[in-house]
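The values are calculated or read from the model by the stated rules, or taken from the named source; none is laboratory data. No experiment lies behind these values; they were computed from the predicted model shown. Using ideal geometry, Cβ is built from the backbone for each residue, glycine included, and neighbour counts are taken over all protein chains shown. Ligands, DNA and RNA are stripped out before the accessible areas are found, and what is left, the full protein with its side chains, is counted by its heavy atoms. Shrake-Rupley method; radii C 1.70, N 1.55, O 1.52, S 1.80 Å.
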Amino acid sequence: MNNTLLRVAIAVTAVLLLTSCSPSGGETATGSTPVAAPTEEAAVVESLPFNASNLLGGTARPSFPDGEAGEVSVVQIGPLDADSGTLLFAFRNNTSDGISHVDWTATAPSGGSLVATGGSQGVAPAQIQPGEVGLAFIYFEGNSEVPDDADYEFSVSGSPVDTAPDNTAPLAVTEVSLVGDAIVGTATNGTGAETTSPYRITVYCFDGDNLVSQFTDFAKEKGDIAEGGTVTFSTRHKSGVCPSFVVGVSGYFS
């Protein structure tokens, strides 16, 4: 476990605020909504095993900490890739609501000064149910020179789990295999609604329980896919060492 993990600070976490749940009875939010601090009435959510939703495929079977009760919290930080400026991490949704279209931002203060800011570019799987773990990475745009003593501070926003147009849609990886240095597989639309492209393929590499690298690609299929339809993918291993891996596939609802 690296030093940055020991110094992580989680800035804003926990219960997803939806206007449909507000005392005033407002309309349901359609965009991303900031995540707010938990209340004393927050339900106790059981921490589920990794990939409890069976949306991801692959050979990795990592175990993660329970995280903070009633919150969406970072439970592991992987290495920072200095060449690409990406920081891997895992988080757990310990709120009583599923979250979708999850967006993370992060800052990296060091020595009293802010040295880098960045945002996530999708999570795997695309919807995170209560108790589940999600995988993501922060891209520190234009500044990968983050010192070893940096403290990372995270904030998160998201949307309710639904099939509203443009909300993120998780496809279930139903078949995957490693052929040479290529990861080849199929993902099925089991969401109950029509999905549309682009279909993003995200691969996370593990060494035991620890994140070590990631890479992304896109399926060749374009356009809409009905319930029960499939996309296929073949992506080359681009991350060097990958003792074990998981792959997630996501699109959008039409």
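What are the pairs, 6+ residues apart or on separate chains, where a residue within region 210-233 that is within 27 Å of F89 (Cα to Cα) has its Cβ under 9 Å from a residue that is in a strand (DSSP E or B) and among the basic types (K, R)?
F215/R236; T216/R200; D217/R200; D217/R236; F218/R200; A219/R200
Residue by residue through region 178-209, note down the ones that are without any contact (Cβ under 8 Å) to a residue 60 or more places away in the chain, touching a His at 6+ places or on another chain (Cβ under 9 Å) and open to solvent by 40 Å² or more (accessible area, probe 1.4 Å).
Listed by number, the residues that qualify are G180, D181.
Which ones in region 218-228 are crowded, with 17+ Cβ neighbours inside 10 Å and among the charged types (D, E, K, R)?
Within region 218-228, E221 is the sole residue that qualifies.
Out of region 102-118, which residues are open to solvent by 20 Å² or more (accessible area, probe 1.4 Å) and at pLDDT 95 or above?
D103, T105
Going through region 135-161 one residue at a time, which ones are among the hydroxyl-bearing types (S, T, Y) and part of a loop (DSSP other than H, G, I, E, B)?
Within region 135-161, S144, Y152 qualify.
Looking at E153, E175, E132, E145, which one is in contact (Cβ under 8 Å) with a residue 60 or more places away in the chain and either open to solvent by less than 40 Å² (accessible area, probe 1.4 Å) or under 14 Å from the mean Cα position of the chain (by Cα) (or both)?
E132
Would you check if G131 is part of a loop (DSSP other than H, G, I, E, B), within 26 Å of P65 (Cα to Cα) and not basic (K, R)?
Considered against the rule, which asks whether it is part of a loop (DSSP other than H, G, I, E, B), within 26 Å of P65 (Cα to Cα) and not basic (K, R), G131 comes out as yes.
Regarding V123, is this residue of a type in the set (A, V, I, L, M), surrounded by 16 or more Cβ atoms within 10 Å (Cβ to Cβ) and under 22 Å from E46 (Cα atoms)?
Here the answer is yes, as V123 does meet what is asked.
For region 229-252, how many residues meet the condition of being in contact with a Cys (Cβ under 8 Å, 6 or more places away or on another chain), surrounded by 15 or more Cβ atoms within 10 Å (Cβ to Cβ) and among the hydrophobic types (A, V, I, L, M, F, W, C)?
Total meeting the criteria: 2.
Among T232, T191, which is the only one that is out of contact with any Leu (no Cβ under 8 Å at 6 or more places or on another chain) and not charged (D, E, K, R)?
Going through T232, T191 in turn, the sole match is T232.
Would you tally the residues in region 51-94 being of a type in the set (F, W, Y) and surrounded by fewer than 20 Cβ atoms within 10 Å (Cβ to Cβ)?
The qualifying residues number 1.
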